[in-house]
Amino acid sequence: MIKFVDVSKTYPGGQRALSKVNFHVEPGEMVFLTGHSGAGKSTMLKLISLMERPTVGKVFINGHDLSHISRHDVAYIRRDIGMIFQNHQLLMDKSVFDNVALPLIIEGYPRKQIQSRVQAALDRVGLLDKKWNLPATLSGGEQQRVGIARAVVNRPPIILADEPTGNLDPALSWEIIRLFEDFNAAGASVFIATHDLGLIARMQYRTLTLKGGQMINDGLTESWQDRK
Amino acid sequence: MSILFKSRQSGAQQSQISKQQKLVMWFTSHVRQAITSFGELLRTPAASFMTIAVLGLSITLPSTLYILVKNLDNISANTQDAAEISLFIREGATRADVDQLIKRLRTWPEIDALQYISPEDALQEFKQQSGFGSAIDALQSNPLPAVLLIYPTEKHGSPAAAKFLLNKLTQEREIELGKVDIEWLERLHAIMAVTNELVTMIAVLLFVSVILIVGNTIRLNIFNKRNEIMVMKLVGATDGFIQRPFLYTGLWYGVLGGIMSWITVALLLWWMSYSIGDILTLYRQEFVLAGLDFATLNTMLLMSVLMGLIGSAISVKRYVDQIEPE
Ligand SMILES: Nc1ncnc2c1ncn2[C@@H]1O[C@H](COP(=O)(O)OP(=O)(O)OP(=O)(O)O)[C@@H](O)[C@H]1O
Ligand SMILES: [Mg+2]
């Protein structure tokens, strides 16, 4: 589903964020990406969502080489990827409903479908009663959930999340991860970057570990392997 | 339309809908965006008004000048004595010769009317007007020739046509020489030619600066919405989709600026009609200021809309691409 082949990324200015990264996420897989701050986690997600291009190497999604995607087609690629950001990236002067509806409006869905799908997505993240609120009136965790609702509202086959549990308490973090498990169960490939190692340790998912831009570990978390 | 996942359908494709429904949807989505953009204008009424005023006023000046020039054109076209031709009869010609000539001239299609002034009448008139009454009485013989006044038809009343007609007339053997009384008309035409060029130049300069001003306003709008644009790009908006509201804003500026120019031009013309009337009575012109006709109003609106659109299109092309999510 997502495949990196010898991918290196050097930012203009000479900062080497990734070097020779190889991995393959299968369709329907849920994978964690971890590593210390500055290890290159966000860079990796940006290469998938075409916010950045690799300096060397190739990124494939569903077998398509992203280096062949023109600037103009980037928008269409992003419609297949639900992205969740640490800083939420919400429109602060639009209601929760309008924020979640945005991807559907962009894709030109009919009004009725927008209504029902936004409703469903907000229900899923438990924010139905706040749909007319402005994001500024919501807590950090609630804003994060608005971002999640927006990312999944058009049922993308790929979900990318960058620090989705960033500054949430453990209970809330757990809830958010449960949400991603639901989306994964519904068929989406889920790719989550986090440095919340405690969270990862409690689960049995494949984890990619980055260090200084290099992939130092690709495997199942130990607790899970132990049980096996 | 998914590039990566062939079987994945989205948006408008998802439900089976006819071409006609798609067209309706396309149309309603544009109407919705137009209305949204209009709403945005209302959210910053003062700033919007300033841009609209720039558009409106910039169209007002050339339009007013244009209408004045067109009115002058009308005057010269309608003027009866625009080109009054005076023909002086050769000395030896008898009254019978002159009658013959008049008879012939009446058949000329170029001539609308003619009037014969005998030497006696001419002298009489001269006496009254000049005040040299007694001096003229002392003259032994009448030094004045007989005169034929020719009034060309409208079509042949322009300076050039009148001169041409004069040439033709002086070929007649009874006529000594002739003269077209068109100096003032020629001057008017010269002024009009210059004014016409000035109007064009002013218009071009103003329009270019207005396009730049609108472009700059839209540029500021784009930068104010930098965050919103980034978020929209992140969730898959094409440049075209992001650009559209700004183009609609430009369109609205144009439409409102055009309407404003209608009002200001009408006010200006009404204000000026008095003083223009005064000047024109000097030329013994019956004058009614012809105001705004439908074609002029349309052109003004069209120009305004074009400037609004071009201004916003330039900024949108240049700046929306530049904003990339980080
Ligand atoms: N736009 C940029 N220009 C230049 N250098 C950058 C840019 N973005 C990231 N970097 C550098 O690339 C490296 C990897 O950054 P990245 O954001 O991928 O790290 P991260 O693993 O997401 O860290 P964190 O956990 O703190 O979010 C860092 O050293 C960073 O300074
Ligand atoms: Mg990061």
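Each value in this text was obtained by applying a stated rule to the coordinates, not by laboratory testing. This is a predicted model, so every value here is computed, not measured. A quick note on method: Cβ atoms are made from the backbone with ideal geometry, for glycine too, and the neighbour counts reach across all protein chains shown.
Sorted from fewest to most neighbouring beta carbons within 10 Å, what does the list A:Y76, B:Y248, A:Y11 look like?
Sorted ascending by nearby Cβ count, the order is A:Y11, A:Y76, B:Y248.
Viscosity 1.567 mPa s, temperature 4 °C: what is the translational diffusion coefficient of chain B from Stokes-Einstein with a Kirkwood Rh over Cα pairs, rounded to a whole number of µm²/s?
On the way: Rh = 25.8 Å.
Rounded, D is 50 µm²/s.
Using 0.36 nm per residue, how much length does the chain from B:I136 to B:T200 gain when fully extended, once their Cα-Cα distance is taken away?
Full-extension gain reported as 17.6 nm.
Averaged across the residues of B:227-233, what count of C-beta atoms belonging to other chains lies within 10 Å of each residue's C-beta?
Rounded to a whole number, the mean comes out at 5.
If you place +1 on the Cβ of every Lys and Arg, -1 on the Cβ of every Asp and Glu, and leave all else neutral, what size is the dipole of the stretch A:1-112 about its Cα centre, to the nearest 20 Debye? Write out the running numbers ahead of the final one.
Values: 14 positive and 10 negative charges, 42 e Å.
Dipole about the Cα centre, nearest 20: 200 debye.
Taking the Cα atoms only, what angle lies between the long axis of helix A:140-152 and the longest principal axis of chain A, rounded to 10 degrees?
Tilt relative to chain A: about 80 degrees.
Given H placed 1.01 Å from N in the peptide plane, which residues other than close sequence neighbours of A:G82 have an amide H under 5 Å from its amide H?
The answer is A:I158, A:I159, A:L160.
Rounded to whole Å and sorted largest first, what semi-axes of the equivalent ellipsoid does the C-alpha gyration tensor of the protein assembly as shown yield via the square root of 5 times each eigenvalue? Kindly include the intermediate steps, with their values, before the conclusion.
Numbers: eigenvalues 1508, 92, 75 Å².
For the protein assembly as shown, the ellipsoid semi-axes come out as 87, 21, 19 Å.
Order these by the 10 Å Cβ neighbour count, fewest first: B:S48, B:S141. Write out the running numbers ahead of the final one.
On the way: B:S48 19, B:S141 6.
The most exposed by this proxy come first: B:S141, B:S48.
Give the separation of the Cα centroids, the stretch A:22-96 to the stretch B:180-224, in Å.
53
Could you give the angle, 0 to 90 degrees to the nearest 10, between helix A:111-124's Cα long axis and the longest principal axis of the Cα atoms of chain A?
70
Consider just the alpha-carbon atoms of the stretch B:85-180 and return their Rg together with their Dmax, both in angstrom.
Spelled out, the Cα radius of gyration and Dmax of the stretch B:85-180 are 14.6, 45 Å.
Taking only Cα atoms, what is the 0 to 90° angle, nearest 10, from helix B:239-282's long axis to the longest principal axis of chain B?
Around 20 degrees separate the two axes.
Can you put B:R43, B:R104, A:R78 in order, fewest other beta carbons within 10 Å first? It would help to have the intermediate numbers written out before the result.
Details: B:R43 8, B:R104 11, A:R78 23.
By the 10 Å Cβ count, ascending, the order reads B:R43, B:R104, A:R78.
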